[in-house]
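Notes follow once the structure below has been shown.
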Amino acid sequence: MQALAGESVVVIGGGIGGLSTACYLADAGADVRVIEKNEQLGGRASRLEIEGFRFDMGPSWYLMPDVFERFFGDFDRTPSDYYRLTQLDPHYRIFFKDSAERGSADDTSEPGSRAHGDRVDVTPDLERTKEIFEEYEDGAGETLERYLEKSRENYEVGMKHFVYEDRSRLRDYLDLDVARQARGLTLLGSMQDHVENYFDHPKLQQIMQYTLVFLGGSPKNTPALYNLMSHVDFNLGVWYPEGGMKSVVDGIADLGRELGVEYDTGRPATAIKGREGAFLVETPEGQLRPDLVVSNTDYAHTEQDLLKPEQRGYDADYWESRTYAPSAFLLYLGVEGDVDELAHHTLVLPTDWEDHFDSIFEEPAWPDDPAYYLCVPSETDDDVAPEGHSNLFVLVPIAPGLEDTPEIRDQYRDEILADIAEHTGTDIRDRIVVEERFCIDDFASRYNSYDGTALGLAHTLRQTALFRPPHRSKEVDGLYFVGGDTTPGIGVPMCLISGELTAEKILEDRG
Ligand SMILES: Cc1cc2nc3c(=O)[nH]c(=O)nc-3n(C[C@H](O)[C@H](O)[C@H](O)COP(=O)(O)OP(=O)(O)OC[C@H]3O[C@@H](n4cnc5c(N)ncnc54)[C@H](O)[C@@H]3O)c2cc1C
């Protein structure tokens with residue numbers, strides 16, 4: 001007999017974590033219903049379709065393919081049963097705004113060298129990347145290899161001990177294997193210091209640190225432990241699911257259907273009452289009465305808006321005092337013609353990006369000289385834009401909670417498009433045929449996110465692993481949490497794993 005046979009579960013929120021845990025719980029025999037406030041499943045990984053353009057609204061980097069294989073493998077499936085993957089080459093392109101150190105004028109090498117303005121292509125060819133590193137700093141090619149070797153070790157230990165195993169006590173982190181790996185890593189130091197130990201050139205430091213943006217942190221506030229992200233980026237590769245990230249969402253939702261999960265979109269939860277075995281989940285369409293509830297909404301929203309004060313594990317001061325990952329200013333642009341200077345993934349970085357991080361974490365303000373990201377999936381996929389057009393998504397990380405008005409958006413939009421033209425040579429200003437903007441207030445209203453954060457709780461040292469809010473509610477038996485605010489944390493792969501960890505907790509408690 002299956003462990004959860006006869007149990008009913010309502011999952012509130014159809015983001016990656018909610019969809020993942022629904023699969024595990026249904027597979028264990030539970031009767032699972034996912035209720036999602038928005039019109040589609042996927043949460044931050046939603047899709048916006050306008051006039052033949054299909055935009056991924058949030059995640060666009062398919063990283064850690066091993067995690068997706070394991071997820072589908074847990075149900076005797078593979079990702080290829082649901083979507084098709086292509087490895088990107090280049091993985092991504094970086095334009096440095098300061099081109100002072102570009103290659104000499106007679107350098108005629110391919111794009112990817114520094115000959116065409118100061119830009120770098122990171123490709124699956126590590127030898128080529130090492131040569132590029134050498135151009136910036138003598139010996140940096142070999143150093144990159146050493147760095148990546150360490151990063152690989154940390155990834156392997158990190159995934160085993162920190163990510164797939166949910167350790168809730170500090171002493172669990174100090175077991176021999178972990179401690180051995182931690183020596184020499186200065187696990188708890190900052191990424192800034194860690195990278196400086198290897199590379200002197202500021203641009204090389206940036207290349208090694210940009211992945212922190214995926215974790216919602218800055219080089220100063222993210223622990224060195226996360227250097228494992230370089231293994232993810234350089235060694236495991238950057239992939240693209242045909243149709244965009246929403247194809248992954250659809251795949252997970254289809255798997256859930258096959259396992260018996262039911263989905264209600266356009267159905268928000270407005271309150272969670274009762275307790276294990278006798279819950280009441282209020283919705284405008286009537287009450288649901290499950291035995292167990294799993295919430296995939298932002299943790300603060302469930303605690304502050306759906307539970308009564310005596311049911312909350314944390315008070316308002318707790319949420320007020322957290323460090324939140326950035327929000328984002330997003331432009332979804334349908335563009336006539338090509339944008340050939342841009343790769344599928346392109347980063348545009350000021351040489352000194354400290355001011356930008358300060359404007360997110362220290363003195364919140366709209367950044368004057370931002371570091372930003374451009375995504376052009378139409379470089380890889382013909383189906384995401386009408387023929388003869390490009391699909392371009394612009395993402396500028398900004399502090400959550402900033403004033404967000406139509407006038408500010410207008411002005412910022414113009415500044416960013418001018419910046420793109422200046423630093424990438426791609427002027428799209430008179431070729432835009434479709435345009436949507438998405439910013440702080442939209443994150444707050446569409447996803448109920450705290451202060452409009454795009455990603456949730458940042459991965460600072462004090463908000464990593466056992467210091468993140470737990471899967472089990474502190475006050476309400478039978479109420480669980482899943483998704484980016486709990487462990488292991490932010491990102492599509494992490495939220496998939498979060499689904500597995502939450503289901504494990506439920507099985508332990510009911511077993
Ligand atoms: C702009 C952007 C770019 C990103 N880029 C990447 C990337 O390239 N690669 C990557 O791996 N990750 C990326 N991420 C991060 C990744 O998308 C998230 O970490 C992940 O998708 C979050 O999943 P989740 O399980 O926390 O659920 P969420 O996506 O947060 O979904 C929660 C769901 O709960 C719903 N909800 C809220 N309140 C209620 C309610 N009261 N009742 C019912 N439903 C409710 C919301 O509508 C939402 O659908 C990006 C995120 C953003 C925003």
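When only alpha carbons are used to place a centre, the stretch 471-511 and the stretch 251-312 end up 14 Å from one another.
Residues whose amide H lies under 5 Å from that of GLY274, counting only those 5 or more places away or on a different chain, are LEU280; hydrogens are built 1.01 Å from N in the peptide plane. By the equivalent-ellipsoid construction on the alpha carbon gyration tensor, the stretch 308-386 comes out with semi-axes of 36, 20, 9 Å, ordered largest to smallest. Taking a straight Cα-Cα cut-off under 30 Å and skipping sequence neighbours fewer than 8 places away in the same chain, the lysines within cross-link reach of LYS273 are LYS37, LYS308, LYS474, LYS505. Share of the chain's accessible area from carbon and sulfur, percent, 1.4 Å? Carbon and sulfur: 45 percent of the exposed surface of the chain. Taking label points 7 Å from Cα along the Cα-to-Cβ direction, GLN87 and GLU435 give a separation of 3.9 nm. Taking only protein heavy atoms and a 1.4 Å probe, what accessible area per residue, in Å², does the chain have with all protein chains in place? Accessible surface, normalised per residue, equals 39 Å². The spacing between the stretch 376-441 and the stretch 48-87, judged by their C-alpha centroids, is 23 Å.
Along the axis of the charge dipole computed for the chain (Cβ charges of +1 for Lys and Arg, -1 for Asp and Glu, origin at the Cα centre), the listed residues LEU204, SER46, ALA316 are led at the positive end by ALA316. Using the Cβ of PRO386 as centre and a radius below 11 Å, the other residues enclosed give a net charge of -4, where K and R count +1 and D and E count -1.
Ordering 358-365, 323-330, 239-246 by mean Cβ neighbour count within 10 Å, with the highest value first, yields 323-330, 239-246, 358-365.
Mind ranking 369-380, 23-34 by how tightly packed they are, going by the mean number of other C-beta atoms within 10 angstrom, highest first? Intermediate results must be reported in sequence, preceding the final value.
Values: 369-380: 21.6, 23-34: 23.8.
Answer by packing, highest mean first, reads 23-34, 369-380.
For the chain, what is the calculated [θ] at 222 nm in deg cm²/dmol (nearest 500), taking -39500 (n - 2.57) for each run of four or more DSSP H residues and dividing by its residue count? Mind dumping the intermediate values first?
Working: 14 runs with 151 residues, N = 511.
Helix-only estimate at 222 nm: -9000 deg cm²/dmol.
Here is the list for the stretch 403-495: trypsin sites (Lys or Arg not before Pro) lying in DSSP coil, each with at most 12 other C-beta atoms within 10 angstrom of its C-beta, are ARG429, LYS474. Within the same chain, lysines fewer than 8 places from LYS203 are excluded, and of the rest, those with a Cα less than 20 Å from its Cα are LYS97, LYS130, LYS220. Against the chain, whose longest principal axis comes from its Cα atoms, helix 16-27 is set at around 40 degrees. Nearest 10 degrees is fine. How inclined is helix 245-259 to the longest principal axis of the chain, computing both from alpha carbons? Once rounded, one gets 20 degrees.
Relative to the dominant Cα principal axis of the chain, helix 126-136 is inclined by about 60°.
VAL433: net charge of surrounding residues, Cβ under 13 Å, Lys/Arg +1, Asp/Glu -1, itself excluded? Value of the local net charge: -4.
The residues packed around ARG84, meaning those with a beta-carbon under 11 Å from its beta-carbon, carry a net charge of -3 if Lys and Arg are +1 and Asp and Glu are -1.
What is the P(r) of the chain, as percent of Cα-Cα pairs per 20 Å bin from 0? Over the chain, the share of Cα pairs per 20 Å bin runs 23, 58, 19, 1 percent.
The values are calculated or read from the model by the stated rules, or taken from the named source; none is laboratory data. Computed from a prediction, not measured in an experiment: that's the story for all the values here. Reconstructed Cβ throughout: ideal geometry from the backbone, glycine too, with neighbour counts over all protein chains shown. Accessible surface areas use protein heavy atoms only, side chains included; no ligands, DNA or RNA. Shrake-Rupley method; radii C 1.70, N 1.55, O 1.52, S 1.80 Å.
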